[in-house]
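Visitor: A single structure is presented below for examination.
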Amino acid sequence: MQIIKVLIADDDMRFWRFVKELFSSEEDLQIIGEAKDGQEAILKAKELKPDLVLMDISMPRMNGLDATRRLKGIMPELVVIILTIHDLEEYKVAATASGAYDYILKKSLMEDLIPAIRRAFKFEGK
């Protein structure tokens with residue numbers, strides 16, 4: 001079984017705990033690191049080489065859209081899923097333009113995240 005290595009980029013540590021709990025029964029999903037902002041997400045991704053980054057939009061120092069754009073420039077094979085509270089079409093368009101694979105609202109995370117990850121890695125051939 002292939003393990004999907006996940007980096008969480010979000011400035012809310014309660015969110016990190018929530019995702020860890022959500023992944024606890026998923027044997028093929030392993031959280032390998034956390035980042036509190038976009039700049040740290042880039043540094044950690046370079047260091048840890050995740051397969052997937054779960055990226056918040058609203059973070060200090062560098063937002064998730066800018067971080068996604070930079071990460072995809074450095075690591076084009078990296079799958080980035082935007083997780084956000086912002087249910088706005090302009091953000092969805094910006095996320096796609098930045099190279100994100102998917103855009104998921106945090107309020108629907110429990111229903112949508114695991115299926116989106118499964119689609120991404122089947123689609124990406126991993």
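The values are calculated or read from the model by the stated rules, or taken from the named source; none is laboratory data. The structure displayed is predicted, hence computed values, not measured ones. Backbone-built Cβ (ideal geometry, glycine too); neighbour counts: all protein chains shown. What goes into the accessible areas is simple: the full protein's heavy atoms, side chains included, and nothing from ligands, DNA or RNA. Shrake-Rupley method; radii C 1.70, N 1.55, O 1.52, S 1.80 Å.
Visitor: Work out the FRET efficiency for Ala97 and Met1 from their Cβ-Cβ distance, taking R0 = 41 Å, and round it to the nearest 0.05. Don't jump to the answer; show the numbers that get you there.
Guide: Values: r = 34 Å, r/R0 = 0.83.
About 0.75, to the nearest 0.05.
Visitor: Treat each spin label as a single point 7 Å out from the Cα along the C-beta direction, and report the Leu105 to Asp28 distance in nm.
Guide: Result for the modelled spin labels: 2.8 nm.
Visitor: Distance check, please: which entries in Lys49/Lys92; Lys44/Lys92; Lys36/Lys122; Lys49/Lys72 exceed 23 angstrom between their Cα atoms?
Guide: Details: Lys49/Lys92 26 Å; Lys44/Lys92 25 Å; Lys36/Lys122 29 Å; Lys49/Lys72 13 Å.
The pairs that break the limit, which is 23 Å between Cα atoms, are Lys49/Lys92; Lys44/Lys92; Lys36/Lys122.
Visitor: Only four residue types carry charge here, +1 at the Cβ of Lys and Arg and -1 at the Cβ of Asp and Glu. Report the dipole size of the chain about the Cα centre in Debye, rounded to the nearest 20. Kindly include the intermediate steps, with their values, before the conclusion.
Guide: Values: 19 positive and 22 negative charges, 59 e Å.
Dipole about the Cα centre, nearest 20: 280 debye.
Visitor: May I ask you to derive the FRET efficiency for Glu90 and Arg119 from their Cβ-Cβ distance with R0 = 22 Å, giving the value to the nearest 0.05? Write out the running numbers ahead of the final one.
Guide: Details: r = 24 Å, r/R0 = 1.08.
It comes out at approximately 0.40.
Visitor: Let me ask something else. Compute the accessible area per residue over the chain, keeping the other protein chains in place, probe 1.4 Å, unit Å². Each step should come with its number before you reach the end.
Guide: Details: 6610 Å² over 126 residues.
Dividing the accessible area of the chain by its residue count gives 52 Å².
Visitor: Still on this structure: Kindly rank 93-99, 63-69, 15-21, 33-39 from highest to lowest mean number of other beta carbons found within 10 Å of each residue. All intermediate terms of the calculation are to be shown ahead of the outcome.
Guide: Numbers: 93-99: 17.1, 63-69: 22.6, 15-21: 14.7, 33-39: 20.1.
Result, highest mean first: 63-69, 33-39, 93-99, 15-21.
Visitor: Under the rule a/c < 1.5 gives rounded, and otherwise a/b versus b/c splits prolate from oblate, where does the chain land using the Cα gyration tensor? The partial results should precede the final answer.
Guide: Details: a/c = 1.23, a/b = 1.16, b/c = 1.06.
Cα axes put the chain in the rounded bin.
Visitor: Hey, another quick one. Using 0.36 nm per residue, how much length does the chain from Glu77 to Arg14 gain when fully extended, once their Cα-Cα distance is taken away?
Guide: Numbers: separation 63, 0.36 × 63 = 22.68 nm, distance 2.85 nm.
That works out to 19.8 nm of additional length.
Visitor: For the chain, give the percent of accessible area contributed by carbon and sulfur heavy atoms, probe 1.4 Å, rounded to a whole number. Don't skip to the answer; put the middle values down first.
Guide: Values: 3440 of 6610 Å².
Using a 1.4 Å probe with all protein chains present, the chain comes out at 52 percent carbon and sulfur.
Visitor: When ranked by the protection proxy of mean other Cβ atoms within 10 Å per residue, highest first, what sequence do the peptides 52-60, 84-92 form?
Guide: Working: 52-60: 22.8, 84-92: 13.3.
Result, highest mean Cβ count within 10 Å first: 52-60, 84-92.
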